[in-house]
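Written out below as structure tokens is the structure these notes cover.
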Amino acid sequence: MSVTERPAPPSGAPSDGDASGRGAAFSSPVGGEQLQVVEPLLFASSRTGRRDVRFPSLSEAARKAAESQPEVPKHARRTATARLPEVSELDLLRHFNRLSHLNHAIDLGFYPLGSCTMKYNPKVNEWAARLPGLSESHPLDPAELSQGSLELQWLLAELLREISGMAAVSLQPAAGAQGELSGLLMTRAYHRSRGEGEQRTKVLVPDSSHGTNPATASMVGYQTVTIRSNERGGIDLGALREALGPDTAALMITNPSTLGIFEDQIDQVVAAVHQVGAIAYMDGANLNAILGRFRAGDAGFDVMHFNLHKTFSTPHGGGGPGAGPVGVGERLAPFLPEPLPILVEGTDDEVRRNAWAGRNTPGARFALEEEGTRPQSIGKVRAFTGNFGMHLRAYTYIRSNGDAGLREVSDDAVLAANYLRVRLTDAYDLPYDRICKHEVVFSGRRQKRQHGVTTLDIAKAILDYRIHPPTIYFPLIVEEALMIEPTETESLETLDRFVDVMHEIADRAATDPSALKAAPTTTPVGRLDEAAAARRPDLRHDFGAAPAGSSARQEAGA
């Protein structure tokens, strides 16, 4: 079989075209109009009296301790037992394992989802996160029992400060979007402290920025103003200068942008923003392209957030826990979320020097800031100091790579993206034909105009080759956009196979477009009505349709 040949359904595969080899358990037909379920709800396995977990009886000491605890208020207590499935531990384990096998993952195959940096997460990160002294620490432990955890968070903030060129860093935000929110809350607090809070009402956002940028600005109460790109994909300086004024609170710019292009006028951009007294915000989500090559603080930016799950290889997905630290320049430092981990005994230089050499510093002591230490702080944006497990993984990744390794990460990420840019320009349109950074954005408009094959059709066809599709239809300024980010962790063989796949799909668009419109054919399910799923989700279980032998009310918890 060639590298581009799509796998044939194995013997015994379900008749609906599922080539996963997982069998009938993934294609159980249920009632309804052509409705098919690849894995039934856990409620379908529920049987009265089955248990997953059996809790031990309380000891006498535990009973006495409980008597001294305040009771849960009556209004907060359940009036009936939760309706949960009654299943065995084995049924529960199999159910969620089968669901996990339906998903594509970076550990299974290529995942070139643009602007998401789906790099491999080294397993040494997980080893470190499971070290007992760290994994079993608790944020309410007193400082004398948390010195290792506090030191690690202080050191991570120092590393991020060095990487970004910022004056100070808070690890508290729980995601990149919350890092953005924290940055704009600090921006608002800064302007209010200067008596300009009512005056500065607008945030400028280039049309090549991440979608979270205008969303965040709106959440903080600002009006967003979109700044167009120029013919090379950079920000239009004339349009920017025209929009800037005494009512401008900030410019939020993603650099490199979602076009994969580094803003080569960045010095002029930042100078223009500062000239009108506004804050220069850099979205650091695409930092993976510029590690060791560009520091936002050195360029004059006032604030930047980090996406630890992108640049520093903490896990993606699942809705959390995440981490989106935020770094600031000197004028925003008083407004950082509190509390920050601080070094209270010892010198910064000595602690850093010993840590980089793998040594503890005798006599060094760490603590969290006392409340009110910085009266201008925007306060807490997350409980405690953020998601410590993600901080630990990112720290491990940074220390494993070191200075030279982080530069190589970016060098290889940029090389991979440009390799695909050069190899695929004959088959797909390239709206901005220039050297890119972490990702390259193609257009499927040629296939659409000549053969009626859309970018969506191309993305669905890619699934049949067991590759996750790129991001599609974004950025919005590119017609039929295909945003491809290979990252630095993929081999040349993987990139070459992807090139062959994309060429084969382009050929099939010309010779057999109807086949592409029927794709995917080898996945557990075919094309879904994604709009209906988003607008009319069915998230409630019908207890009236419980199977025979199960409890109709499911009154006992699993």
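Leaving out ligands, DNA and RNA, what percent of the accessible area of the chain is carbon and sulfur, probe 1.4 Å?
Values: 14070 of 27080 Å².
For the chain, the apolar C and S fraction of the accessible surface comes to 52 percent.
Would you mind putting 321-334, 139-152 in packing order, based on average other-beta-carbon counts within 10 Å, highest first?
Taking the mean over residues of other Cβ atoms within 10 Å, the ranking is 321-334, 139-152.
Pop out the ³J(HN,Hα) list for segment 414-426 in order, Karplus 6.51 cos²θ - 1.76 cosθ + 1.60 with θ = phi - 60°, rounded to Hz; leave Gly and Pro as x.
Karplus-based 3J(HN,Hα) across segment 414-426 equals 5, 4, 4, 5, 6, 4, 5, 4, 6, 6, 10, 5, 6 Hz.
For the chain, with the dipole built from +1 on Lys and Arg beta-carbon atoms and -1 on Asp and Glu ones, taken about the Cα centre, which of Ile279, Ala404, Ala82 lies farthest toward the positive end?
Ala82
Where does each of 427-433, 191-197, 113-119 land if you order them by average Cβ count within 10 Å, highest first?
Values: 427-433: 17.3, 191-197: 13.7, 113-119: 23.9.
Ranking, from highest mean packing down: 113-119, 427-433, 191-197.
Express the accessible area of the chain per residue in Å², computed with a 1.4 Å probe while the remaining protein chains stay in the model.
Computed with neighbouring chains in place, this is 49 Å² per residue.
At what distance in nm do the modelled label points of Leu539 and Ala518 sit from each other, each positioned 7 Å from its Cα along Cα→Cβ?
3.7
Roughly how many debye, to the nearest 20, is the charge dipole of segment 128-400 about its Cα centre, given +1 on each Lys and Arg Cβ, -1 on each Asp and Glu Cβ, and no other charges?
That gives a dipole near 360 debye.
Count the net charge of all other residues whose Cβ sits under 11 Å from the Cβ of Val169, scoring Lys and Arg as +1 and Asp and Glu as -1.
Once positives and negatives cancel, what remains is -1.
Report the FRET efficiency, 1/(1 + (r/R0)^6), for Leu84 and Asp411, where r is their Cβ-Cβ distance and R0 is 60 Å, rounded to 0.05.
According to the calculation, E is roughly 0.75.
When Cα extents along the principal axes in Å is calculated directly from the model, which label among (1) 77, 66, 49; (2) 77, 68, 62; (3) 66, 54, 48 fits?
Looking at Cα extents along the principal axes in Å for this model, the match is (1).
With a 10 Å radius around each residue's Cβ, average the other Cβ atoms per peptide and rank 290-302, 370-382, highest first.
Ranking, from highest mean packing down: 290-302, 370-382.
Under the rule of -39500 (n - 2.57) per DSSP H run of 4 or more residues, summed and divided by the residues of the chain, what mean residue ellipticity at 222 nm is obtained, to the nearest 500 deg cm²/dmol?
On the way: 17 runs with 192 residues, N = 558.
Helix-only estimate at 222 nm: -10500 deg cm²/dmol.
Once both labels are modelled 7 Å past Cα along the beta-carbon direction, what's the Glu530-Asp426 spacing in nm?
Roughly 3.0 nm, to one decimal.
Counting pairs of alpha carbon atoms under 8 Å apart in space and at least six apart in sequence, what relative contact order in percent does segment 157-269 give? Each step should come with its number before you reach the end.
Working: 140 pairs, mean separation 27.9, N = 113.
Reported relative contact order: 25 percent.
What is the list of residues in segment 206-220 whose amide nitrogen lies under 16 Å from a point 7 angstrom out from the Cα of Tyr473, following Cα to Cβ?
Residues 211 fall inside that zone.
What nm distance separates the two modelled labels at Arg77 and Phe55, each placed 7 Å from Cα along Cα→Cβ?
Distance between label points: 1.5 nm.
My understanding is that a pair violates if its Cα-Cα distance is over 30 Å; which of Lys64/Lys380; Lys437/Lys517; Lys123/Lys437; Lys202/Lys380 do that in this structure?
Lys64/Lys380; Lys437/Lys517
The values are calculated or read from the model by the stated rules, or taken from the named source; none is laboratory data. Remember, it's a predicted structure, so these values are computed and weren't measured experimentally. In this analysis, Cβ positions are derived from the backbone assuming ideal geometry, glycine residues included, and neighbour counts consider all displayed protein chains. Calculation scope for accessible area: heavy atoms of the full protein, side chains included, ligands and nucleic acids excluded. Shrake-Rupley method; radii C 1.70, N 1.55, O 1.52, S 1.80 Å.
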